[in-house]
1. When you scan the range A:158-168, do you find a residue that is among the hydroxyl-bearing types (Ser, Thr, Tyr), more than 14 Å from chain B (Cβ to nearest Cβ) and touching a strand residue (DSSP E or B) at 6+ places or on another chain (Cβ under 7 Å), even just one?
2. Name the single residue that is most open to solvent (accessible area, probe 1.4 Å) among those in the range B:1-46 being among the polar types (S, T, N, Q) and more than 9 Å from chain A (Cβ to nearest Cβ).
3. From the list A:Ala75, A:Ala24, exactly one residue is modelled with pLDDT of 95 or more and under 30 Å from B:Lys13 (Cα atoms). Which is it?
4. So which residues in the range B:300-327 are touching a residue at least 12 places away in the same chain (Cβ under 8 Å) and either open to solvent by 60 Å² or more (accessible area, probe 1.4 Å) or not assigned by TED's automatic domain parsing to the domain that holds B:Ile31 (or both), if there are any at all?
5. Output the number of residues of the range A:72-124 satisfying the condition of being under 22 Å from A:Gln263 (Cα atoms), in a loop (DSSP other than H, G, I, E, B) and not charged (D, E, K, R).
6. Regarding B:Leu127, is this residue more than 21 Å from B:His283 (Cβ to Cβ), of a type outside the set (Ser, Thr, Tyr) and in a helix (DSSP H, G or I)?
7. From the list B:Glu113, B:Glu93, B:Glu117, exactly one residue is within 22 Å of the chain's Cα centre (by Cα) and either among the aliphatic types (A, V, I, L, M) or within 14 Å of another protein chain (Cβ to nearest Cβ) (or both). Which is it?
8. Spot the failing condition for A:Asn282; the list is (1) part of a helix (DSSP H, G or I); (2) open to solvent by 10 Å² or more (accessible area, probe 1.4 Å), and only one is missed.
Protein chains: 2
Amino acid sequence: MELKINRYASMLKPSLIREMKVLADKYNDVIDFTLGEPHISRHTYEVIQEGLHHKMMESSLGYSHQYGIIELRMAISEYCKHNYGQIYDPYSEIIITTGVSEPISAVFKTILEEDDEVIIFSPSFTLYNTNVQMYGGKVVLYDMVENDMQVKEEVLSRLITAKTKAILVNSPCNPTGKIFSEEENEVIYNCIKDKPIFVISDEIYREIVFEQKKCCSLSKYPRLRDRLFILNGFSKSYAMTGWRIGYVLGPKEFINTVAVVHQNFVASASTISQYAALEALNHPELTKNIQQLYEKNRNYVYQQLKPYFKHVVLPEGAFYLYIDVSNYGLTSYEFAMNLLKSKQVAIVPSMAFEPNDSGYVRLSYCCDFETLRAGVLRIQNFIKSL
Amino acid sequence: MELKINRYASMLKPSLIREMKVLADKYNDVIDFTLGEPHISRHTYEVIQEGLHHKMMESSLGYSHQYGIIELRMAISEYCKHNYGQIYDPYSEIIITTGVSEPISAVFKTILEEDDEVIIFSPSFTLYNTNVQMYGGKVVLYDMVENDMQVKEEVLSRLITAKTKAILVNSPCNPTGKIFSEEENEVIYNCIKDKPIFVISDEIYREIVFEQKKCCSLSKYPRLRDRLFILNGFSKSYAMTGWRIGYVLGPKEFINTVAVVHQNFVASASTISQYAALEALNHPELTKNIQQLYEKNRNYVYQQLKPYFKHVVLPEGAFYLYIDVSNYGLTSYEFAMNLLKSKQVAIVPSMAFEPNDSGYVRLSYCCDFETLRAGVLRIQNFIKSL
């Protein structure tokens, strides 16, 4: 008598980022650069707690509508319109979700059949790949490392087949901090505009950009409007990872199916977290602060570490540094493990973001400056010991 | 150029319960008996707010471990051991989830292949059926209405085939309030014990039972331990629907895959809601209060409505009354719609819980007593007008 589980589920592996975090937690005095988790989450709570408390005393604390509380949907609609020129109807084109992870899963569940292909720019956030695989889809990687971190038309066009169901863009990108330029978006647009391909734009780091750069979005193309899903949320730009609040914008025709999938996953997003997000939107200074803190961190960490490594990607946004450590003759996993063991600094090897070891590691610098400085010093000392 | 979505997703329908709730909200002075949502959710917040606030000021408000914060897993482990004799390891056999909806979806995603069959006792909670369908599985219904609301060995055994992957038991049951008896559990056990069939036991209403009845669980059978998933949560017994906190217990061998699916769905449950749940566990009087309030409601509503209808199921637990209204010559949908239009009382027709109209409607009586009394009076007046 053998109990068999789903063949795709059985192949899933836990997130290596999370595994590294668990390892890190076993060390005393560890400096933890693993998770993409803004360090000032308590500050957000301190700012919003009074308003949140009042909202909770005045409101129903039961299940929200499966699309989310209408006040938050309206506020997000206004926010996206005002900040990004994205026009979405709060009644039929916005769903409040459990972070951005949930709409990644819900959108893939909604659109994918077995063997459908999804083009993803590698390196990328782990859950894109695993979600595609979980639903029996096939990830087709555009290798950014081999293409000088650039989107090239001749390379991308060769990846598109009759099986291509979707393309996913994450800009600013986790783990590289890269922003897809206007020209690169144009390349993507040209490659897909005449083909029945969905577009998923994960814009979770959109507000964390440096040197006053503008972050453009595929939402600027009207011809993509009826097949574009935009993902965003409060985890990064408001330091609200633990509240698990995100949202998906998309065309009514498909959003209603995503909403039913979402209902089947979680019924609705946390009502309490929705009120917290609504309150957070009254405090744009939270986002501004985050952007400024991490721009300072970026400048420091990039400058300090660049001289020691084969290549360091200059981050244009987000809060990660992607570092090619292969000049030390170790795999990225060995480098990360040795660094953790000998200096108690935790970073994430490239296997969390790429199918094979590219030699890169990710350092998440969304911490306070003093911690970053101490960690950088330890890394420099580690390197000198090699 | 046609954009095609997943064929199972495309067939999903939104929950009829939720649709009725949305309709109800359009009326003034409506008495709403649609959702299974304890009315005292603000009371829970008032009780836990101080402790929750302290926990939030002291703790990390970032992502929790994908299994949930260890303090809550340990507390749940103790709780289940103490209250139900269920022994589960907090480190490897308990996952904190986004309500109970999420583990329903995660467990089905983990175990189901296309065309696998799942036996469900009808009437049942909507999301069981839709989740099975969403993953390409087939729902095989045991029709309780046609079997005097009893589990019979000769009927159940005929439903089991080589394709049967799982059987789901929800006791106390939504929407009938039925508790599966020791004898019925024995029937289920005998039918499946020698076959490779998973067991899903949704025990979300376990603490809301009447006349000091004992609610037994399939967890009492050691031979099922390695293929049993127990679902439970805080929504009903602590009136915390809006916080979206539940959990799944199961054997380590399969729970680790459920945990990766869960990670792919939502990364982790809301950390804030997890602290709220941890605080709620310090207040067992919340549950006791809910049980007592709704036992009083049950006695009243059953007694008041029984004389008017062909059949009313006497609830042994949960907080729903399942009423056969077919003696008025209307479908249950017509009955519900007419009642809403003429008396502004909202209930849910049987199509939300069964594949065809059985003539039943569900009345959710987890409201305050005065509201229940007013609603019952309107229903009685409605009947007299027919």
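The values are calculated or read from the model by the stated rules, or taken from the named source; none is laboratory data. In this text the structure is predicted, and so the values were computed from the model without any measurement. Glycine also receives a Cβ, built like all others from the backbone with ideal geometry; neighbour counts cover every protein chain displayed. What goes into the accessible areas is simple: the full protein's heavy atoms, side chains included, and nothing from ligands, DNA or RNA. Shrake-Rupley method; radii C 1.70, N 1.55, O 1.52, S 1.80 Å.
1. First, pick out the residues of the range A:158-168 that are among the hydroxyl-bearing types (Ser, Thr, Tyr): A:161, A:164.
Going one step further and asking which of them are more than 14 Å from chain B (Cβ to nearest Cβ), we end up with A:161.
Imposing the further condition that a residue be touching a strand residue (DSSP E or B) at 6+ places or on another chain (Cβ under 7 Å) reduces the set to A:161.
Yes; the residues of the range A:158-168 include at least one that is among the hydroxyl-bearing types (Ser, Thr, Tyr), more than 14 Å from chain B (Cβ to nearest Cβ) and touching a strand residue (DSSP E or B) at 6+ places or on another chain (Cβ under 7 Å).
2. Filtering the range B:1-46 for residues among the polar types (S, T, N, Q) gives B:6, B:10, B:15, B:28, B:34, B:41, B:44.
Going one step further and asking which of them are more than 9 Å from chain A (Cβ to nearest Cβ), we end up with B:28, B:34.
Working: B:Asn28: 136, B:Thr34: 0 Å².
Per the criteria, the residue is B:Asn28.
3. Values: A:Ala24 fails: under 30 Å from B:Lys13 (Cα atoms).
Sole residue among the options that is modelled with pLDDT of 95 or more and under 30 Å from B:Lys13 (Cα atoms): A:Ala75.
4. B:Tyr308, B:Lys310, B:His311, B:Leu314, B:Asn327
5. The number of residues fulfilling the criteria is 8.
6. Working: more than 21 Å from B:His283 (Cβ to Cβ): yes; of a type outside the set (Ser, Thr, Tyr): yes; in a helix (DSSP H, G or I): yes.
So B:Leu127 passes the test.
7. Details: B:Glu113 fails: within 22 Å of the chain's Cα centre (by Cα); B:Glu93 fails: either among the aliphatic types (A, V, I, L, M) or within 14 Å of another protein chain (Cβ to nearest Cβ) (or both).
Just one listed residue meets the conditions, B:Glu117.
8. (1)
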